[in-house]
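Values quoted throughout were computed directly from the atomic coordinates according to the rules given, and no laboratory measurement underlies them. The shown structure was predicted, so the numbers you read here are calculated from the model rather than taken from an experiment. Glycine also receives a Cβ, built like all others from the backbone with ideal geometry; neighbour counts cover every protein chain displayed.
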Amino acid sequence: MTGPLIEFRDVGKRFDRLTVLDRFCFTVQQGEKVSLIGPSGSGKSTVLRILMTLEPFQEGTLTLGGISYHQPHGRGPFKASERHLREVRRNVGMVFQSFNLFPHMTALRNIVEAPMAVLGLGREEAESRALELLRLVGLLDKKDHFPAQLSGGQQQRVAIARAMAMRPRVLLFDEPTSALDPELVGEVLGVIRMLAHEHDLTMLLVTHEMRFAREISDRVCFFDSGQIVEQGSPDRIFAEPAHPRTRAFLKSVLAESRTA
Amino acid sequence: MSLAQEILAMAKGAEMTAIVAIGSTLIGAVLAFAFGIARVEGGRLLSWLALIYIEFMRGTPLLVKLFWLYYALPLVGVSLDPFTTGIVGLSLNIGAYGAEVVRGGLQSVATAQREAARALNFPRRHTLLHILLPQAVVEMMPAFGNLAIQNLKDTALVSLISIADLTFRAQQIRNLTLAGARVYSMTLVGYFVMSLLVAALMRFLEIRARRGAAFAHSAHG
Amino acid sequence: MIYGYAWDTSSPLAYAVSILPILAIGLVVTLKAAVSGFVVALVLGLIWYLLRRTRIRAVAWSTALLVEFIRDTPLLVQLFFLYYVLPDYGVVLPALVTGVLALGLQYSAYTAEVYRGGFGAVPRGQWEAAIALNLSRYRIYRDIVIPQAVPRIMPAMGNYAVSMLKETPVLSVVTVLDMLNLANMIGDRTFEYLIPLSLVGVIFPIMTTLCSVGIHLLERILPRDGIALR
Ligand SMILES: Nc1ncnc2c1ncn2[C@@H]1O[C@H](COP(=O)(O)OP(=O)(O)OP(=O)(O)O)[C@@H](O)[C@H]1O
Ligand SMILES: [Mg+2]
């Protein structure tokens, strides 16, 4: 397949009367690592949540791994059938700001649940894959811990392993370190950095960690009021932003990180 | 019996229901504060007595209590007329539930408030009346609202000790007309409307209490 | 004589002891009514809860109104309604069944609210994470939502079960031979109500205390790993 892995074509998204995305276009190639930055409320999370089929949209088409779905008339919730949506979801995984681990399951159970229930893996295979992932994120010794017994950073690393266990082609990160104490941010970024070396994995990362975005991404997109105002290589965006709004935004976050 | 007569009879019944409900709710409220305060602020003996009252009343069915007052009590020489029996039974019953609410409300007022009052060397009574209760009452209001509706519904049981309330009238009319569907539908709607009125009244009182507490706060601060 | 048991009125103690076997028979009926009534309440309440959250507005609204109506009207009148009106439409049920239905109906209004609170307390993020993992609706409910909702639901359900137990004597007014009804019958024949009614008045607190203890034990046994209840 040669076309883009992800394509938003003229997507329109409204919450009641508030229009968040208007004729939104955006493409991502397989294996690309893309960072989305921009001020609060600019629609970054909305883009990820639409991709994850957590939000319906009203206009346009979204194509993901060759499967497209669109909701031309936008009445009611998902127009696409549940089965179609599950087909779309097979390609995508998501890591949430607040981890969202299942509190009544151990770390290991969190990871094997979906591979066993959705992919139909046997317990043994699912567990051996899960243990491998836990080793990768450095938490093999915590496999029998419940989320409440883990630090935020550890929980987020389990959540990443859980998402990876479904072998998604696209992994979405919505501010994965924003809920963490500063001293725990590093360990999570370390795991994401490691994943960024995976050649085939496509990554979309919403983050306020500018230095990290610059380090790992192939492309940085600056969002403002539901539009990608400017995009390009991280070096160019951070070193010589062309758009005044990008400049203003970068200036304000840099000032913030200096005072912090 | 014409429909107009039916409605008139039921209106009379509803009036009795309202009287019984209001009377027992008010007496119940007095009991609730008395026993609730005794639980929290009373000495060991008072607190124990209150506990026994609360637990026993909450543990026995209301209908059993009403029948006990109505049929059994005269055997030991205390004869009350049905109306008094109904009011006494309902008040004792709802007062126990209310006392639990009062206890919870008082205990939820932070101990810090208590200690602050003690540090200022307020007398106990002053602390209770002017510091603890005004704050606690606001928190108690939603629960009191539920109890008031509960009590209104409970009044239906007094029809079984021959008080001519709404349910009693409904039974009478059904026995005459055999039009059960109509009579009981009207009765249910009657109770529903009264419940809505009680709910509205309690919400109004809650808002008043909230405003009163806020005013007291600003006046003190 | 009731159920073949005679009473002995020679002394209050002998009287009390001699009527206990009769009351025990009523106690079984009382417990039967309470248990079946609560099963009805659990099922009906779940139905109300589900209907109230359908996407069809009219259904959701009318269910909400119906539940409010049931909650705000007395059990006794609902019981009379079922007892006297159903036969007019050809539905003739034994008194105990009618009573169980009335109890279940009244308490379904409360259980519906408990379900709403319990399921509503499962954070949105749990749903989203489950969807992101591509779990099916069935699996989401079975593995993620229900295990987290049940520990939140249990305590309130336990309280309502005890309340319902205490309301079963109302069924005696439609001829159900529960403990209260038998106590009254004994009183009618001996002209001595004090002891039978007092016995019933003492047996109930004992039962409700036992129930509460049992429910606490049950809550402790049930797994609730990692779920913070407060
Ligand atoms: N469920 C919702 N209902 C109504 N409006 C919403 C909802 N979710 C998001 N919005 C609105 O949509 C807009 C875009 O939100 P979005 O969460 O995508 O922003 P964001 O770029 O992720 O911001 P942040 O950096 O604060 O996370 C905001 O104005 C927000 O208020
Ligand atoms: Mg966001």
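Just a few scattered comments:
- Test: residue in the stretch A:185-197 that is free of Cβ contacts under 8 Å to residues at least 60 places away in the same chain, closer than 17 Å to A:N91 by Cα and either among the hydroxyl-bearing types (S, T, Y) or within 12 Å of another protein chain (Cβ to nearest Cβ) (or both): no
- Among the numbered conditions (1) in a helix (DSSP H, G or I); (2) touching a residue at least 12 places away in the same chain (Cβ under 8 Å), the only one that B:N175 does not meet is (2).
- Any chance C:L66 is in contact with a Ser or Thr (Cβ under 7 Å, 6 or more places away or on another chain), assigned to a helix (DSSP H, G or I) and of a type in the set (A, V, I, L, M, F, W, C): no
Each row is one residue, and each column tells you yes or no for (1) of a type in the set (A, V, I, L, M); (2) at positive phi; (3) without any contact (Cβ under 8 Å) to a residue 40 or more places away in the chain.
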position	(1), (2), (3)
B:E100	no, no, no
B:G104	no, no, yes
B:S108	no, no, yes
B:L129	yes, no, yes
B:M140	yes, no, yes
B:N151	no, no, no
B:L157	yes, no, no
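- The stretch C:195-210 - residue that is of a type in the set (A, V, I, L, M, F, W, C) and surrounded by fewer than 17 Cβ atoms within 10 Å (Cβ to Cβ) and, of those, farthest from the other protein chains (Cβ to nearest Cβ): C:L210
- Residue that is farthest from the other protein chains (Cβ to nearest Cβ) [pool: residues in the stretch A:13-48 that are of a type in the set (K, R) and more than 7 Å from ligand 1 (Cβ to nearest atom)]: A:R23
- The residues on offer are B:T155, B:T167, B:T177, B:T127, and the sole one that is within 13 Å of chain C (Cβ to nearest Cβ), farther than 20 Å from C:Q106 by Cα and either aliphatic (A, V, I, L, M) or surrounded by 13 or more Cβ atoms within 10 Å (Cβ to Cβ) (or both) is B:T177.
- Among residues of the stretch A:79-98, those that are away from ligand 1 (no atom under 16 Å from the Cβ) and either part of a loop (DSSP other than H, G, I, E, B) or more than 15 Å from A:T53 (Cβ to Cβ) (or both), counted: 5
- Between B:L75, B:L51, the distinction of being surrounded by fewer than 22 Cβ atoms within 10 Å (Cβ to Cβ), closer than 24 Å to B:L133 by Cβ and either within 14 Å of another protein chain (Cβ to nearest Cβ) or of a type in the set (F, W, Y) (or both) belongs to B:L51 only.
- Residues considered: B:A156, B:A136. Of these, the only one that is assigned to a helix (DSSP H, G or I) and under 17 Å from the mean Cα position of the chain (by Cα) is B:A156.
- The listed residues are B:I87, B:I94, and the only one of them that is of a type in the set (A, V, I, L, M, F, W, C), farther than 12 Å from B:A32 by Cα and under 12 Å from the mean Cα position of the chain (by Cα) turns out to be B:I87.
- Checked against the criterion of being within 16 Å of ligand 2 (Cβ to nearest atom) and either in contact with a helix residue (DSSP H, G or I) (Cβ under 6 Å, 6 or more places away or on another chain) or more than 9 Å from chain C (Cβ to nearest Cβ) (or both), the candidates A:L133, A:L172 yield just one match: A:L172.
- Remark: C:G125 falls outside the filter, which requires a residue to be away from chain B (no Cβ under 14 Å) and touching a His at 6+ places or on another chain (Cβ under 9 Å).
- If you go through the stretch C:162-185 and keep only what is touching an Asp or Glu at 6+ places or on another chain (Cβ under 8 Å) and either assigned to a loop (DSSP other than H, G, I, E, B) or more than 7 Å from chain B (Cβ to nearest Cβ) (or both), you end up with C:T168, C:L171, C:S172.
- Subset of the stretch A:27-67 that is out of contact with any helix residue (DSSP H, G or I) (no Cβ under 7 Å at 6 or more places or on another chain) and in a strand (DSSP E or B) - its residue that is nearest to ligand 2 (Cβ to nearest atom): A:V34
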